[in-house]
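The values are calculated or read from the model by the stated rules, or taken from the named source; none is laboratory data. Note that the structure is a prediction, hence the values are computed from the model and not measured. Cβ sites come from the backbone with ideal geometry, for glycine too, and all protein chains shown count toward neighbours. Accessible surface is based on the protein model in full, side chains and every heavy atom, while ligands, DNA and RNA are left aside. Shrake-Rupley method; radii C 1.70, N 1.55, O 1.52, S 1.80 Å.
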Amino acid sequence: MIENKTISFTPWFVYVVRCSDDSLYTGITTDINRRIEEHNTSNNGAKYTRTRRPVKLEYKEIYVDRSTASKREYAIKKLTRKQKLDLIS
């Protein structure tokens, strides 16, 4: 007998926000709405974004695990500003 099992996973998001000074910040999270709220209102946001509020979500990608999301985050962080702008447009 084969059981019908549902496989569930927590999605990981790689995201790019635009800060109030027009700079771009890239990060990862499992809850994109909570994370953007943290960047804008709490000390749980990244140190970089705390002095550049408000931030606005410009781009996101979804991954099935943290490892893959982290690798993509690293790749995006290595892009030039122009390449990041091309990615989010």
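Details
- Some residue of segment 9-28 being among the polar types (S, T, N, Q) and either in contact with a helix residue (DSSP H, G or I) (Cβ under 6 Å, 6 or more places away or on another chain) or open to solvent by less than 30 Å² (accessible area, probe 1.4 Å) (or both): yes
- Within segment 51-71, considering residues that are of a type outside the set (Asp, Glu) and surrounded by 16 or more Cβ atoms within 10 Å (Cβ to Cβ), the one farthest from residue 9 (Cα to Cα): 52
- A search for C-beta distances below 8 Å between a residue of segment 19-41 that is part of a helix (DSSP H, G or I) and of a type in the set (A, V, I, L, M) and any residue that is surrounded by fewer than 18 Cβ atoms within 10 Å (Cβ to Cβ) and at pLDDT 95 or above, counting only pairs 6+ apart in sequence or on different chains, returns 32/57; 32/60; 36/57.
- Check on residue 13, hydrophobic (A, V, I, L, M, F, W, C), in contact (Cβ under 8 Å) with a residue 24 or more places away in the chain and in a strand (DSSP E or B): yes
- Filtering segment 42-73 to residues that are outside any loop (DSSP other than H, G, I, E, B) and either within 14 Å of residue 25 (Cβ to Cβ) or modelled with pLDDT under 95 (or both) leaves 47, 48, 49, 50, 56, 57, 58, 59, 60, 73.
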